[in-house]
Amino acid sequence: MTTSTGLRIGIDLGGTKIEGLAIARDGRGLARRRTPTPQGDYDGTVRAIAETVHAIESEIGDTATVGVGIPGTIAPRTDLVKNANSICLIGRPLGRDLSEALSRPVRIANDADCFALSEATDGAAAGAHSVFGVILGTGCGGGLVYDGRLIQGPNAIAGEWGHNPLPWPRALDYMDERPGPQCYCGKQGCIETFLAGPGLARDHLAATGRDVPPADIVAAADRGDKAARATMDRYVDRLARSLAGVIHIFDPEVIVLGGGLSQAALLYREVPVRWLDYVFAADARPGGERLPIETRLLPPRFGDASGVRGAAWLWPADR
């Protein structure tokens with residue numbers, strides 16, 4: 001579907017809320033709606049999304065293309081939802097059902113892909129040819145964008161770096177990173193188990209015996225608390241190791257962090273220094289000093305709004 005006005009509606013389907021946003025061709029937000037997600041109710045979720053789209057179109061007085069970000073992905077072979085933490089979506093033809101409910105084609109992508117697309121289109125990484133968008137929240141997702149287009153791959157899992165093993169694992173005084181914590185995917189030692197918010201809290205608990213929320217650990221480290229600072233130093237090193245692996249394969253111009261932990265300012269100061277210990281392309285001066293690499297690590301421009309904006313941009317600017 002194309003619209004003469006270039007209007008786009010993005011839908012961010014979350015576990016507790018459905019958010020809809022209409023944007024103009026230039027990315028300006030025009031109308032926004034939020035409604036609770038019907039818990040465990042697939043048909044109710046389809047209806048709620050359709051009602052959100054219709055309400056937004058009534059407000060803006062025109063029809064629009066529709067893109068939807070979901071906490072999972074669409075299996076290319078079957079067009080059914082897989083890998084979703086909203087269990088009622090799994091195995092359901094969400095794209096087909098939404099297209100029927102809205103009488104138009106609907107594009108669907110993983111919510112981390114939508115974050116990456118938003119920040120690559122008109123966010124922090126606008127103008128960059130290659131972008132890796134990272135989610136550091138309750139989970140640890142990612143999305144790849146090249147020349148403004150998502151790279152999803154034949155299995156629709158491109159960018160799922162969180163389920164690679166933590167690189168260069170080591171033994172520490174209070175724990176051994178091998179084999180690592182159990183991940184919900186069935187493996188042990190996945191990057192997500194170390195770098196998602198619960199992983200940060202788990203590491204701090206193991207090292208100190210204190211159960212502290214991730215945001216409070218970051219704040220305490222900023223205040224100079226030695227234990228929190230040590231926890232964040234380990235986190236910085238693990239993030240640097242993990243992003244070095246992405247740089248080795250994709251070599252992005254820009255990496256944008258999203259999710260709750262992306263608000264930690266120290267990550268942008270310290271990770272680009274630390275990853276020089278791991279990136280193969282890092283050069284050194286004759287005296288041994290490491291030179292920065294070209295990849296930039298940036299905070300998001302749109303933050304929590306990037307998911308819904310990226311869903312809208314699933315219909316690219318030339319459509």
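Values quoted throughout were computed directly from the atomic coordinates according to the rules given, and no laboratory measurement underlies them. These figures come from a predicted structure and were not determined experimentally. Cβ: placed from backbone, ideal geometry, glycine included. Neighbour counts: every protein chain shown.
Full extension from residue 248 to residue 90: what is 0.36 nm times the residue separation minus their Cα-Cα distance, to one decimal in nm? Let's see the in-between values first.
On the way: separation 158, 0.36 × 158 = 56.88 nm, distance 3.29 nm.
The span from residue 248 to residue 90 would gain 53.6 nm if fully extended.
To the nearest 20 debye, what charge dipole does the chain have about its Cα centre, counting +1 at the Cβ of each Lys and Arg and -1 at the Cβ of each Asp and Glu?
Once rounded to the nearest 20, the dipole reads 80 debye.
Restricting to Cα pairs below 8 Å that are 6+ residues apart, what does the relative contact order work out to for the stretch 171-251? Please round to a whole percent.
19 percent
Using the Cα centre of the stretch 8-110 as the reference point, and only Cβ charges (+1 on K/R, -1 on D/E), how large is the resulting charge dipole? Debye, rounded to the nearest 20. Let's see the in-between values first.
Values: 14 positive and 12 negative charges, 58 e Å.
Approximately 280 debye in magnitude.
Which is farthest toward the positive dipole end of the stretch 8-110 among 58, 73, 14, measuring Cα position about the Cα centre, with Cβ charges +1 (Lys, Arg) and -1 (Asp, Glu)?
About the Cα centre, the residue reaching furthest to the positive side is 73.
For the stretch 1-107, which trypsin sites (Lys or Arg not before Pro) are in a loop by DSSP, counting at most 16 other Cβ atoms within 10 Å?
Counting only loop positions with at most 16 other Cβ atoms within 10 Å, the trypsin sites (Lys or Arg not before Pro) in the stretch 1-107 are 25, 28, 77.
Rounded to the nearest 20 Debye, what is the dipole magnitude of the stretch 124-300 about its Cα centre when Lys and Arg each give +1 and Asp and Glu each give -1 at the C-beta? Walk me through the intermediate numbers first.
Numbers: 17 positive and 20 negative charges, 32 e Å.
For this selection, approximately 160 debye.
Who wins for biggest fluctuation among 40, 259, 20 in a Gaussian network model of the chain, springs between alpha carbons below 10 Å?
Ranking 40, 259, 20 by mean-square fluctuation puts 40 first.
Search the structure for amide H atoms under 5 Å from the amide H of residue 126, placed 1.01 Å from N in the peptide plane, and list their residues when 5 or more places away or on another chain.
Close amide H contacts, sequence-distant or interchain: none at all.
How high is the relative contact order of the stretch 108-173, given as a whole-number percent (alpha carbon pairs under 8 Å, six or more residues apart)?
Relative contact order comes out at 27 percent.
Return one number: the angle in degrees, 0 to 90 and rounded to the nearest 10, between the long axis of the Cα atoms of helix 265-274 and the longest principal axis of the Cα atoms of the chain.
Once rounded, the angle reads 60 degrees.
Quick one: what are the phi-derived ³J(HN,Hα) couplings along the stretch 294-306, Karplus 6.51/-1.76/1.60 with θ = phi - 60°, whole Hz, x for glycine and proline?
7, 5, 9, 10, 10, x, x, 7, 9, x, 5, 7, 5
Treating the angle as unsigned and between 0 and 90°, give the value, to the nearest 10°, between the Cα long axis of helix 197-208 and the longest Cα principal axis of the chain.
Result, in degrees: 20.
Evaluate the distance, in nm, between pseudo-label points positioned 7 Å from the Cα of residue 290 and of residue 100 along their respective Cα→Cβ axes.
5.5 nm
Among 109, 99, 29, which residue has its Cα furthest toward the positive end of the charge dipole of the stretch 8-110, with +1 on Lys/Arg Cβ and -1 on Asp/Glu Cβ?
Ranked along the dipole, the leading option is 109.
In whole Hz and in residue order, list the ³J(HN,Hα) couplings for the stretch 217-229 that follow from phi through the Karplus curve 6.51 cos²θ - 1.76 cosθ + 1.60, θ = phi - 60°; x for Gly and Pro.
In residue order, the calculated couplings are 5, 4, 5, 5, 4, 5, 7, x, 4, 5, 5, 5, 5 Hz.
Which one, (1) 54, 45, 38; (2) 62, 42, 40; (3) 55, 48, 33, gives Cα extents along the principal axes in Å as derived from the coordinates shown?
Matching the structure shown: (2).
In nm, to one decimal, how far is the residue 126 label point from the residue 176 one, both placed 7 Å along Cα→Cβ?
Using points 7 Å along Cα→Cβ, the separation is 5.1 nm.
Ranked highest first by the average count of other Cβ atoms within 10 Å around their residues, in what order do 119-129, 204-214 fall?
119-129, 204-214
Please identify the longest segment of the chain free of exposed chymotrypsin sites (Phe, Trp or Tyr not before Pro), where exposed means a DSSP state other than H, G, I, E or B and no more than 14 other Cβ atoms within 10 Å.
1-173
With everything on Cα atoms, drop me the angle between helix 42-60 and the longest principal axis of the chain, reported from 0 to 90° to the nearest 10.
Computed tilt is about 70 degrees.
Normalised by the number of residues in the chain, what is the relative contact order in percent for Cα pairs under 8 Å and 6+ residues apart?
Values: 663 pairs, mean separation 64.2, N = 319.
Averaging sequence separation for qualifying contacts and normalising by length gives 20 percent for the chain.
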